[in-house]
């Protein structure tokens, strides 16, 4: 896979993760005491944040390589 195609796919993933996180934040109001549902929501948000950060890091690495 060439770098431009890989970069475009990563940008598409990044935008999808950002959109998903935005929707999740709209419905999340913090972790309620002893609420399994809110704890699962929080965990899912953290997973998506980490996925977004790793994609952004990979995008930046590809941009540095191409320069």
> Out of (1) touching a residue at least 12 places away in the same chain (Cβ under 8 Å); (2) under 9 Å from the mean Cα position of the chain (by Cα), what's the single condition that is false for residue 62?
Replying inline: (2)
> Do we find a residue being in a helix (DSSP H, G or I), at pLDDT 95 or above, under 26 Å from residue 3 (Cβ atoms) and in contact with a helix residue (DSSP H, G or I) (Cβ under 7 Å, 6 or more places away or on another chain) anywhere in segment 38-48?
Replying inline: yes
>> Can you go through 20, 6, 26, 13 and tell me which one is assigned to a helix (DSSP H, G or I) and out of contact with any helix residue (DSSP H, G or I) (no Cβ under 7 Å at 6 or more places or on another chain)?
In response: 26
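The values are calculated or read from the model by the stated rules, or taken from the named source; none is laboratory data. All values derive from a computational prediction rather than experimental measurement. Cβ coordinates were reconstructed from backbone atoms using ideal geometry, including for glycine residues, and neighbour counts include every protein chain displayed.
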